[in-house]
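Below: the structure, in structure tokens.
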Amino acid sequence: MIKRILIFFVICLFFTACAGHPVVSAQVVRYTIIPESPRPGDPVTIGVNTDEVEAWLLIDDKQSGRARFFTVPAEGRNPGFKAAFLTIPATAAPGEAVIKMINQWGAAYDITFTIAPRQFRSETLALTPSLTSLVADPNPERTREAEVLWAILARTGNQIYHTGPFLPPVTATRRTSQFGTRRINEYSDGRRVTSIHAGVDFGIPTGTEVRASGRGRVALSRMRILSGYSIVLEHAPGVYSLYYHLDSVIAEEGAIVEAGELIGLSGSTGFSTGPHLHWEFRVSTENTDPDVLVERPLIDKNLIISRIFD
């Protein structure tokens, strides 16, 4: 009799535990990262067959990036999967790094990979007194604008507007500055401030048509102190393209624009030394090389499915 009571008690404890905690399946984690050996500035797409929540990028055991997973739905006979986007910081040194995938129960799965080496250019800009004042003098409105922009770039929604390669925003090929350029700003008062150029600058005349690099939602379209007339498009969870120093904006905030649609005209507004278009991408808030996103799809569904399911 005592034995039966003990067995019944154990069974009750088991079902009580199951009611309070989900049973984790023994599904094998199958993943892929594209590319397998990214360079500084390269976007990384993570695809996985399990229900992951977050991805952390760890370089030298320090968190250097963070992204949320989202669902890429099934299409026809192709299964759905989870995906996330990260970018290797342009300041990262070559060597071993880790992407830590974390599921809803807090369990982690580590992906070890190698960051490939990359060289960047350098340049020096001599600023006029007016440009020095624009960027260096305290300005609460400039701070507020930066906070608004950061809140947009830090938002990770669930909508996928664009999956394929992106388009250049202009037909011109002349560039006055490249992505990742190490820049020294020489202020008119003699100070020297270093920075990293976050995008690509096209040297084009004022009034040149600027077109959307991909389908997306207009997250911002307005005048800003430093970037002048500016447009920000949301293309996928945590993926944004930015168009700065425009002479005028055409796309309206909240609208959905198609790839190649006219969104504004180039100019030289804000912190600018001459007519040009600053074209930038942010992936999970990190500066990302636009040329890479032109060369390959943001989500290569066929490649990801072949690697994690076949």
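The values are calculated or read from the model by the stated rules, or taken from the named source; none is laboratory data. Note that this is a predicted model, so its numbers are computed, not measured. Reconstructed Cβ throughout: ideal geometry from the backbone, glycine too, with neighbour counts over all protein chains shown. Quick note on the areas: whole protein, heavy atoms, side chains included, nothing else; ligands and nucleic acids left out. Shrake-Rupley method; radii C 1.70, N 1.55, O 1.52, S 1.80 Å.
This table checks each residue for (1) in a loop (DSSP other than H, G, I, E, B); (2) over 18 Å from residue 174 (Cα atoms); (3) out of contact with any Leu (no Cβ under 9 Å at 6 or more places or on another chain); (4) not small (Gly, Ala, Ser).
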residue: 270; (1), (2), (3), (4): yes, yes, no, no
residue: 274; (1), (2), (3), (4): yes, no, yes, no
residue: 281; (1), (2), (3), (4): no, yes, no, yes
residue: 291; (1), (2), (3), (4): no, no, yes, yes
residue: 297; (1), (2), (3), (4): yes, yes, no, yes
residue: 307; (1), (2), (3), (4): no, yes, yes, yes
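Given the residues 50, 112, which is the only one that is assigned to a strand (DSSP E or B) and surrounded by fewer than 20 Cβ atoms within 10 Å (Cβ to Cβ)? It would help to see each step written out before you state the result.
Working: 50 fails: assigned to a strand (DSSP E or B).
None of the other options fit; the residue is 112.
Select from the stretch 89-109 the residues that are assigned to a strand (DSSP E or B) and within 15 Å of residue 64 (Cβ to Cβ) and write down the one among them that is most open to solvent (accessible area, probe 1.4 Å).
96
I'd like to verify a number: residues in the stretch 211-246 that are part of a loop (DSSP other than H, G, I, E, B) and either charged (D, E, K, R) or farther than 24 Å from residue 43 by Cβ (or both), how many?
Initially, the stretch 211-246 is screened for residues part of a loop (DSSP other than H, G, I, E, B), giving 212-215, 225-227, 237-238.
Remaining after also requiring either charged (D, E, K, R) or farther than 24 Å from residue 43 by Cβ (or both): 215, 225-226.
Final tally of qualifying residues: 3.
Criterion first (free of Cβ contacts under 8 Å to residues at least 40 places away in the same chain, open to solvent by 50 Å² or more (accessible area, probe 1.4 Å) and either under 17 Å from residue 281 (Cα atoms) or β-branched (Val, Ile, Thr) (or both)) does residue 256 satisfy it?
Values: free of Cβ contacts under 8 Å to residues at least 40 places away in the same chain: no; open to solvent by 50 Å² or more (accessible area, probe 1.4 Å): yes; either under 17 Å from residue 281 (Cα atoms) or β-branched (Val, Ile, Thr) (or both): yes.
When the stated conditions are applied, residue 256 does not pass them.
Within the stretch 189-210, restricting attention to residues that are in a strand (DSSP E or B) and surrounded by fewer than 20 Cβ atoms within 10 Å (Cβ to Cβ), which residue is nearest to the chain's Cα centre (by Cα)? Can you show your working first?
Going through the stretch 189-210, the residues in a strand (DSSP E or B) turn out to be 192-196, 199-202, 209-210.
Applying the additional criterion that residues be surrounded by fewer than 20 Cβ atoms within 10 Å (Cβ to Cβ) yields 192-196, 209.
Working: 192: 29, 193: 25, 194: 23, 195: 19, 196: 16, 209: 25 Å.
This residue is 196.
For residues that are open to solvent by 20 Å² or more (accessible area, probe 1.4 Å) and among the hydrophobic types (A, V, I, L, M, F, W, C), scanning just the stretch 211-231, find the one that is nearest to the chain's Cα centre (by Cα).
Per the stated criteria, the residue is 226.
Can you find a residue that is in a helix (DSSP H, G or I) and either within 27 Å of the chain's Cα centre (by Cα) or surrounded by 11 or more Cβ atoms within 10 Å (Cβ to Cβ) (or both) anywhere in the stretch 116-131?
Scanning the stretch 116-131 turns up at least one residue that is in a helix (DSSP H, G or I) and either within 27 Å of the chain's Cα centre (by Cα) or surrounded by 11 or more Cβ atoms within 10 Å (Cβ to Cβ) (or both).
Hey, can you tell me all the residues within the stretch 67-82 that are in a strand (DSSP E or B), open to solvent by less than 30 Å² (accessible area, probe 1.4 Å) and not β-branched (Val, Ile, Thr)? Quick ask: steps written out before the conclusion?
Filtering the stretch 67-82 for residues in a strand (DSSP E or B) gives 67-68, 70-72, 75, 78, 81-82.
Those left that are additionally open to solvent by less than 30 Å² (accessible area, probe 1.4 Å): 67, 70, 72, 81.
67, 70, 81 - these are the residues of the stretch 67-82 that are in a strand (DSSP E or B), open to solvent by less than 30 Å² (accessible area, probe 1.4 Å) and not β-branched (Val, Ile, Thr).
Condition test on residue 131, is it farther than 30 Å from residue 301 by Cβ and either aliphatic (A, V, I, L, M) or at pLDDT 95 or above (or both)? If you could, list the steps in order and put the result at the bottom.
Values: farther than 30 Å from residue 301 by Cβ: yes; either aliphatic (A, V, I, L, M) or at pLDDT 95 or above (or both): yes.
When the stated conditions are applied, residue 131 passes them.
Out of the residues in the stretch 136-158 that are aliphatic (A, V, I, L, M) and in a helix (DSSP H, G or I), which is least open to solvent (accessible area, probe 1.4 Å)? Let's see the steps before the verdict.
The first filter runs over the stretch 136-158 and keeps only residues aliphatic (A, V, I, L, M), leaving 136, 146, 148-149, 151-154.
Then keep just the ones that are in a helix (DSSP H, G or I); that gives 136, 146, 148-149, 151-153.
Working: 136: 34, 146: 52, 148: 48, 149: 21, 151: 66, 152: 30, 153: 5 Å².
Of everything passing the filter in the stretch 136-158, 153 is least open to solvent (accessible area, probe 1.4 Å).
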